[in-house]
């Protein structure tokens with residue numbers, strides 16, 4: 001059975017506008033022909049034509065009527081100034097993006113270049129135009145890379161990253177086109193509202209947080225002026241499924257630092273030491289939800305009797321109990337080298353969707369401090385909330401939004417339900433030659449890793465490069481140890497070595513090269529194949545464990561077979577995989593595993609894992625809808641009271 005087809009749960013729900021297949025395709029050909037005719041024009045003439053378009057847009061002419069000329073100018077400008085010529089499929093993608101679609105553009109088909117078309121067109125009216133991408137690196141890289149294209153046509157380009165000062169942010173937002181991340185755009189939106197509301201008053205450093213697997217990012221202080229131009233105009237969202245779907249469970253929150261840090265540190269440090277005792281003696285129990293923990297009556301009696309350090313004697317028993325319960329939860333639910341790493345004496349969160357270190361972000365409600373206490377590193381300050389916005393509510397502030405990704409089809413129903421954005425699949429420039437090999441299922445993780453190692457040896461003997469995707473840092477390093485024992489030279493790409501990322505990915509297509517990597521979403525670097533690699537069959541991708549979302553599996557698989565290259569992919573699974581526990585619970589998973597005792601490779605079991613993946617995806621959809629429903633209910637209530645819903649919603 002084709003694993004990819006099994007897990008494309010929402011493929012049948014894809015909504016492709018009827019006009020796309022006919023009129024848009026013909027229009028793309030016409031634009032390409034018009035761009036060819038512009039080759040004889042001077043740079044000055046191209047700029048004059050672009051200026052003329054801006055005047056027409058300011059006078060109220062529809063962008064629809066300006067689109068053919070605008071797109072042909074961008075195509076020719078890109079050819080001249082960065083040496084890239086838009087394919088007709090990229091022009092088609094640009095047309096779909098302007099018309100408010102989520103464009104599914106396969107990995108390697110040039111989304112960065114495609115984006116230049118609607119960005120230029122929508123900037124003609126002088127309204128803010130933002131491109132939201134996966135991380136600061138891509139925002140800065142893409143802005144710098146595409147800048148000559150826009151500047152030749154009279155537009156300015158800026159990039160907003162976490163390291164910028166308020167003045168630098170103001171300058172970036174003042175540009176016609178601004179690249180950045182959704183988090184930076186959202187946090188600046190909240191900080192601006194706080195700044196306007198407080199009239200320059202300040203009660204301490206501001207922090208920006210994200211809930212869900214809740215995170216935060218240190219921000220500027222309240223005394224700065226607003227930095228964004230309002231009203232927000234056009235937003236183009238790269239990796240739209242990651243930003244609009246996956247991260248929709250993580251509302252953005254601005255917080256201020258709370259007081260009494262010394263007592264908090266003493267309490268959490270003591271609670272962390274006590275957590276194993278309470279867990280082992282079952283003095284804390286799990287509630288109906290996986291994240292819920294409650295102290296038992298026996299636990300309260302034990303808590304009253306146990307000696308406590310002098311620094312927390314004045315703390316109410318209820319707060320001490322909460323700290324112990326939280327420490328037990330952290331010990332049970334947060335795993336080092338999966339959810340976070342400890343680097344230079346600091347707990348650094350690992351983004352569950354990209355596998356990258358989420359620099360500067362922190363879990364909220366004391367979770368981050370409880371993890372720090374567990375790891376014995378200095379505790380960061382506790383915070384209290386000041387402002388909040390969900391991803392959906394933030395992007396609703398834009399006049400128009402659109403997006404692109406390589407894996408939109410399976411999320412088409414949610415794109416339509418949550419955002420009223422239809423999905424359209426853009427054809428590839430060259431035919432896809434990727435082979436999907438039959439999935440392999442094993443009774444244990446150990447058997448699975450041994451099989452993965454054997455397949456790596458087989459591929460290397462054929463001269464083919466191999467990319468193995470692992471779900472966690474811990475898994476990547478475990479596999480690295482097995483490969484090392486087998487004498488297989490390899491590279492490891494995870495959050496521990498981000499500085500080597502571009503180099504490792506760029507070389508992953510060389511003959512016999514073996515690369516072990518955590519989630520490949522949003523890496524932004526192509527894997528180029530050598531002639532020898534192409535002759536041997538191209539890159540072979542091994543998906544070593546199912547992710548909670550089939551779309552992330554597809555992102556990894558999409559690293560091979562790009563732009564007509566040969567390639568193959570195989571999915572591996574085992575009855576130790578976390579997705580089974582997430583879907584069926586630990587008891588049922590143990591029963592399933594026991595039924596396979598004595599067997600190793602389990603042919604025909606892949607659909608069972610696909611069903612588990614669909615179950616988990618549905619759970620995540622429900623969680624996202626709950627977050628949005630609760631947020632919008634709070635906003636309506638606060639608006640009825642005459643309060644700013646973004647500043648007082650917590």
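So here's what we get for this one:
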| quantity | calculated |
| --- | --- |
| Extreme residue, farthest from residue 280 (Cα to Cα), among residues of the range 321-332 that are surrounded by fewer than 19 Cβ atoms within 10 Å (Cβ to Cβ) and in contact with a strand residue (DSSP E or B) (Cβ under 9 Å, 6 or more places away or on another chain) | 322 |
| Residue match in the range 333-343 (condition: assigned by TED's automatic domain parsing to the domain that holds residue 370, loosely packed, with under 12 Cβ neighbours inside 10 Å and touching a residue at least 12 places away in the same chain (Cβ under 8 Å)) | no |
| Filtered residues of the range 406-423 (kept if out of contact with any strand residue (DSSP E or B) (no Cβ under 6 Å at 6 or more places or on another chain) and within 19 Å of residue 94 (Cβ to Cβ)) | 406, 422 |
| Segments classed as helices (runs of 4 or more DSSP H), wholly inside the range 399-486, with at least 1 members that are in contact with a helix residue (DSSP H, G or I) (Cβ under 9 Å, 6 or more places away or on another chain) and not assigned by TED's automatic domain parsing to the domain that holds residue 504 | 412-419 |
| Total residues in the range 128-160, condition closer than 24 Å to residue 62 by Cα and either at pLDDT below 95 or not in a loop (DSSP other than H, G, I, E, B) (or both) | 7 |
| Conditions (1) touching a strand residue (DSSP E or B) at 6+ places or on another chain (Cβ under 6 Å); (2) closer than 16 Å to residue 371 by Cα: number failed by residue 295 | (2) |
| Breaking point among (1) at pLDDT below 90; (2) part of a helix (DSSP H, G or I); (3) more than 30 Å from residue 625 (Cβ to Cβ), for residue 221 | (2) |
| Single residue of the range 454-470 satisfying the filter (over 18 Å from residue 557 (Cα atoms) and touching a residue at least 24 places away in the same chain (Cβ under 8 Å)) that is surrounded by the fewest Cβ atoms within 10 Å (Cβ to Cβ) | 462 |
| Residue check, residue 169 part of a helix (DSSP H, G or I) and either surrounded by fewer than 22 Cβ atoms within 10 Å (Cβ to Cβ) or at pLDDT below 95 (or both) | no |
| Selection count, the range 581-607, where residues are buried (at least 17 other Cβ atoms within 10 Å of the Cβ) and either part of a loop (DSSP other than H, G, I, E, B) or in contact with a strand residue (DSSP E or B) (Cβ under 9 Å, 6 or more places away or on another chain) (or both) | 3 |
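The values are calculated or read from the model by the stated rules, or taken from the named source; none is laboratory data. It should be emphasised that the depicted structure is a prediction, and the values quoted were computed from it without experimental measurement. Quick reminder, even Gly has a Cβ in these numbers, built from the backbone with ideal geometry, and neighbours come from all protein chains shown.
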